[in-house]
Every structure is written in C-alpha cells, then in structure tokens.
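Taken together, the values in this text are just the output of simple stated rules run on the coordinates, not laboratory data. It should be emphasised that the depicted structure is a prediction, and the values quoted were computed from it without experimental measurement. Backbone-built Cβ (ideal geometry, glycine too); neighbour counts: all protein chains shown.
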Amino acid sequence: MSKCCKGCGVLLQNEDPSKIGYVENIDQKYCRRCFRMRNYHEFQKVDIPEEQGSMLEKVNKSKGFAFFFCDFLNLYSDNIKCYHQIKIPKLFCVTKSDSIPESIYYENIRKWLQKTHHVTEEILFISVKNVHKLKEKLSRLPYQKIFFLGPTNAGKSSLVKALTNQSEITVSEMPNTTLNFIKVPYLEKQIYDTVGFADMYTLDDPALIKKTILKKQIRPLIIPVNESCSLLIEDFIRLQFDRQVQVTFFKSDLLKVQKVYGKNTALLDTPSFTKDIKARSHVYFKGLGFCYIKAPCKITFYNIAEEYINICESFFGGYHE
Ligand SMILES: Nc1nc2c(ncn2[C@@H]2O[C@H](COP(=O)(O)OP(=O)(O)OP(=O)(O)O)[C@@H](O)[C@H]2O)c(=O)[nH]1
Ligand SMILES: [Mg+2]
C-alpha cells in the first residue's frame, strides 16, 4: 500500500535517495526532506510533483469550499489572479495579520481588494495567533471538503496546525514545504492543505528567504530619493529614480534596504528595464515585500527580471482620504 509523508504529503519511496519522498524504511512517518527540515532546519529545494493547474482542476471539480490565503506583503496581482482561477465557493484571507502595521486600516485593504482586484467574496484578516475568525467561519460552512489554497509561505499549514492542534504537518519559512494534498479531519469536515503557488524572486535563495521572515509587526521604512541616488535591496537589486520622490518600504526588518549615492555600482552593467510609475502605486518585489510610491516617476530596475515585479494602484489615499 502506498504511504504518504505526514509532514508534506509526498508519496514515500525507498528506492531513489535523489528523488522526493525518499525514506530508508517505508514505515517511517516523514520523508527525508521533512525529517531534516523538522530536526535540523535543513532545507532541500525540490521540484513540485503536482502541476499547479491539475491541483486547481481537482479543487474546481470538487463540491468543496476554498479558503485562499495570502499574506499582507504578497497581495500582488499575479497572486490574486490565482484566486480568481478558483471556481468553487471561496473566500479571501489576508494572513499574518499580526505583521500588518498599525497605521494601516484593514478596511482600506478590504476596499482595495474589492475595487482594484475585483474580490467580491468575503475577506478575512487572520494570523496563527488569532484563528477564532477562521473557526467561526468554518463552523458555519455547510461544506464537507475545505481546501486551503494560496501562495507558498502564506501560512496555510501553520493555520491547519493552529486549528486542529495537529503537530505532524511540516511548517517552514522555505518555499514549497507542502508537496501534496494533506487531508486533516476538523469537526465534521475534512480540511485539505495544498501545494502553494510559487512565483517568487526568493525561491532559489534560502539565505534571502530567511530575511523575509516576519517575526514582528512591519515598520514602514520611509526613504526620500532623487535622481542622484539609488535604492539597494540586499546589495543586489537596485532602483534608480528619475526625480525626487518619497518611497515607503513594507518588508521584514531583516531585509536590508538602503540609499546609496553615485552611479558607480557594478550592477549598472546588468540588464535592466524601466517602468513609468503612476502616483500612489505599489511596486511589489515578489516574495520580498513592496514599496509605496506617492508621486509619479520613472524607475529603472537593475538585477531583477520584470516577471518578479508587479505594479498596481495603492490602498493609500483614494479610499479613506
Ligand atoms: N508572523 C506570522 N508568521 C506566520 C504566520 N503563519 C505562518 N507564519 C510563518 O510563515 C512561514 C510559512 O508558513 P507555512 O505554514 O509553512 O506556509 P505554507 O503556506 O504552508 O507554505 P507552503 O507549504 O510552502 O505552501 C513560516 O515561517 C511560519 O512560521 C502568522 O500568522 N504570522
Ligand atoms: Mg504548507
């Protein structure tokens, strides 16, 4: 009989140590990758076994209900497009609400998701420290099958654990921790933890991922810039502005963003692209956070491919002023 890893859901196998799901003894509870992640905090990048599309297809064919989880720093358009691909009854959950700065009203984010991103279903704000809203919602849902979907690292597995007091599921800051559907009984229902959507800049860089962990509330970092200086994110992504403008970064405290003067950086030679930024925009660096730009300007991006940038209208201004 085929057995699955209790931590990540992958099918266990004892034939090929180089492939996912490997265990020396098929009776073991966790695959080698989960075992090492749980005990030694060791990370091994893997290719996701299940195609994202086929996972969504299975969900969309079910008669279940979907919770879409996305953390505050990753509410970018490409993630929200994934939400719109869910065709069964659903709701939108902004996770890691403990990290949202006090100065930002949930109501503004909610209206922005509705207006800018066309989210018409219910929107909740939750964190692992506060799962009661999720419990309440689940207790009122007339569905047996509940799918927890969303980008990798959004906190799906952490919420399953917090809801069910289940300690077997593996949780980590590394991307694609969960590798398959994991069915967990909850009340009279079945919750299905799933494989996270993954399109982040950080995917191949464990050291960088560690700098994106949100240990406490985000402190917005305000940096006035002009055409004679650049902004550096972790010494490699560089932003050059064409005029004086104020930039406010929302990111983990661990991620370094600094202003540097002069144009004599080695990164000048790397491929770049330029974007026109409208007043009151968010520029998302997928997986790293975002910045709010108040006035119109042009930004030239160095050392980051265009696919890792999403730009959209901000939730500052407009909705509450
Ligand atoms: N600050 C904060 N961090 C959280 C919260 N929930 C989860 N995390 C952290 O976010 C990281 C990812 O958590 P997971 O539960 O593994 O995320 P996931 O969505 O299951 O990720 P994949 O399995 O890779 O798709 C871990 O480092 C968690 O500790 C939360 O409510 N607040
Ligand atoms: Mg997970």
Residues HIS117, HIS282 in order from fewest to most other beta-carbon atoms within 10 Å are HIS117, HIS282
Listed peptides 169-180, 249-260 by packing density, highest first (mean Cβ within 10 Å) = 169-180, 249-260
Considering only DSSP beta bridges where both residues belong to the chain, give the percentage that are antiparallel (nearest 5).
-> 70 percent
Once a ≥ b ≥ c are taken as the square roots of the eigenvalues of the Cα gyration tensor of region 215-313, is the result rounded (a/c under 1.5), prolate (a/b larger than b/c) or oblate (a/b not larger than b/c)?
-> rounded
Considering only region 153-273, what is the antiparallel percent among its DSSP beta bridges, to the nearest 5?
-> 100 percent
Express as a percent, rounded to the nearest 5, the fraction of DSSP beta bridges in region 48-193 (both residues included) that run antiparallel.
-> 25 percent
So, relative contact order of region 215-313 in percent, Cα under 8 Å, 6 or more apart, is 30 percent
Would you please give the FRET efficiency between LYS145 and LEU221, computed as 1/(1 + (r/R0)^6) with r the Cβ-Cβ distance and R0 = 41 Å, to the nearest 0.05?
-> 0.45
Checking every Cys Cβ in the chain against the others at 4.7 Å leaves as unpaired CYS4, CYS8, CYS34, CYS70, CYS82, CYS93, CYS229, CYS291, CYS297, CYS312
Taking the Cβ of ASP193 as the center, what net charge do the other residues with Cβ under 10 Å away carry, scoring Lys and Arg +1 and Asp and Glu -1?
-> +3
Where does the chain land at 222 nm, in deg cm²/dmol rounded to the nearest 500, when only DSSP H runs of n ≥ 4 count, each adding -39500 (n - 2.57), divided by all residues?
-> -5000 deg cm²/dmol
